[in-house]
Amino acid sequence: MNARLNPFESPVLGKIFKHITAANGVLKGSTLPASTQELVKLRASQINGCGFCTDMHYKDAVHAGESPERLNLVAAWREATVFSEAERAALELAEEGTRIADAAGGVSDEVWANAAKHYDDEELAALVGVITLINAFNRGNVMLQMPAGDYQPGQFG
């Protein structure tokens, strides 16, 4: 399977993806745990049906020491006992932030308040950033039909 268009060979899309990647780099300096960021990226990618990002974030998380059991349960986090209350709040925010068109009011006040119990304002800002950026990548990769399965941890820096 080949992508419809190679974003790395397109001058326009290549620049756009580089800017999104640079914005993603800001999150590495945040106090939001890297493991939470990967869980959120994985869940949003699952919801959006982005095989490329699902593959990438699963492999990056395992490479960083995350348990395959926890990653396998991300799609069923509500029933899983392996996530902290803070991680559950982040996953819930990621789901509502990703499915924004499915809810008349977007992210509910209850979901935001639950996340705010576990994260300070800067960590909430980082969560919003993670959710925003992964959704941008997911949408681009799904439109391009980027193939999944060949990603190697750290491949993009």
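For the reader, a short list of remarks on this structure follows.
- Some residue of region 57-78 being closer than 30 Å to Lys18 by Cα and aromatic (Phe, Trp, Tyr): yes
- Taken over region 14-56, the criterion of being closer than 16 Å to Phe156 by Cβ, touching a Phe, Trp or Tyr at 6+ places or on another chain (Cβ under 9 Å) and of a type outside the set (A, V, I, L, M) is satisfied by Gly14, Phe17, Thr21, Asn24, Glu38, Lys41, Ser45, Cys50, Phe52, Cys53, Asp55.
- Checked across region 55-76, the condition of being touching an Asp or Glu at 6+ places or on another chain (Cβ under 9 Å), surrounded by fewer than 13 Cβ atoms within 10 Å (Cβ to Cβ) and modelled with pLDDT of 95 or more holds for no residue.
- Candidate set from region 69-83 (those that are touching a helix residue (DSSP H, G or I) at 6+ places or on another chain (Cβ under 6 Å) and of a type outside the set (Val, Ile, Thr)); member that is nearest to Phe156 (Cα to Cα): Leu71
Table: residues versus (1) among the aliphatic types (A, V, I, L, M); (2) closer than 21 Å to Arg139 by Cβ.
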| position | (1), (2) |
| --- | --- |
| Ile20 | yes, yes |
| Leu27 | yes, yes |
| Ala34 | yes, no |
| Leu71 | yes, no |
| Val82 | yes, no |
| Glu96 | no, yes |
| Lys117 | no, no |
| Ala125 | yes, no |
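- Search result, residues across region 72-89 that are touching a residue at least 40 places away in the same chain (Cβ under 8 Å) and of a type outside the set (Gly, Ala, Ser): Phe83, Glu87
- Residue pairs whose Cβ atoms lie under 8 Å apart, separated by 6 or more positions or on different chains, with the first residue in region 115-139 and farther than 26 Å from Ile16 by Cβ and the second of a type outside the set (A, V, I, L, M) and part of a loop (DSSP other than H, G, I, E, B), are Asp120/Thr31; Glu122/Ser30; Glu122/Thr31; Glu123/Ser30; Glu123/Thr31.
- Residue match in region 135-150 (condition: surrounded by 12 or more Cβ atoms within 10 Å (Cβ to Cβ), in a loop (DSSP other than H, G, I, E, B) and touching a Lys or Arg at 6+ places or on another chain (Cβ under 6 Å)): yes
- Residue in region 102-109 that is in contact with a Gly (Cβ under 6 Å, 6 or more places away or on another chain) and either aromatic (Phe, Trp, Tyr) or surrounded by 13 or more Cβ atoms within 10 Å (Cβ to Cβ) (or both) present: yes
- Any chance Ala126 is surrounded by fewer than 17 Cβ atoms within 10 Å (Cβ to Cβ) and within 15 Å of the chain's Cα centre (by Cα): no
- With respect to the conditions (1) among the aliphatic types (A, V, I, L, M); (2) outside any helix (DSSP H, G or I); (3) farther than 15 Å from Ala148 by Cβ, Ala23 falls short on a single one, namely (2).
- Restricting the first member to region 9-31 and to residues that are farther than 13 Å from Thr132 by Cα and exposed (fewer than 12 other Cβ atoms within 10 Å of the Cβ), and the second to residues that are at pLDDT below 90 and not aliphatic (A, V, I, L, M), no beta-carbon pair is closer than 6 Å while six or more apart or on different chains.
The values are calculated or read from the model by the stated rules, or taken from the named source; none is laboratory data. This one's a predicted model, so the numbers in the text were calculated from it and none came from an experiment. Note: ideal-geometry Cβ built from the backbone for every residue, glycine included; neighbour counts use all protein chains shown.
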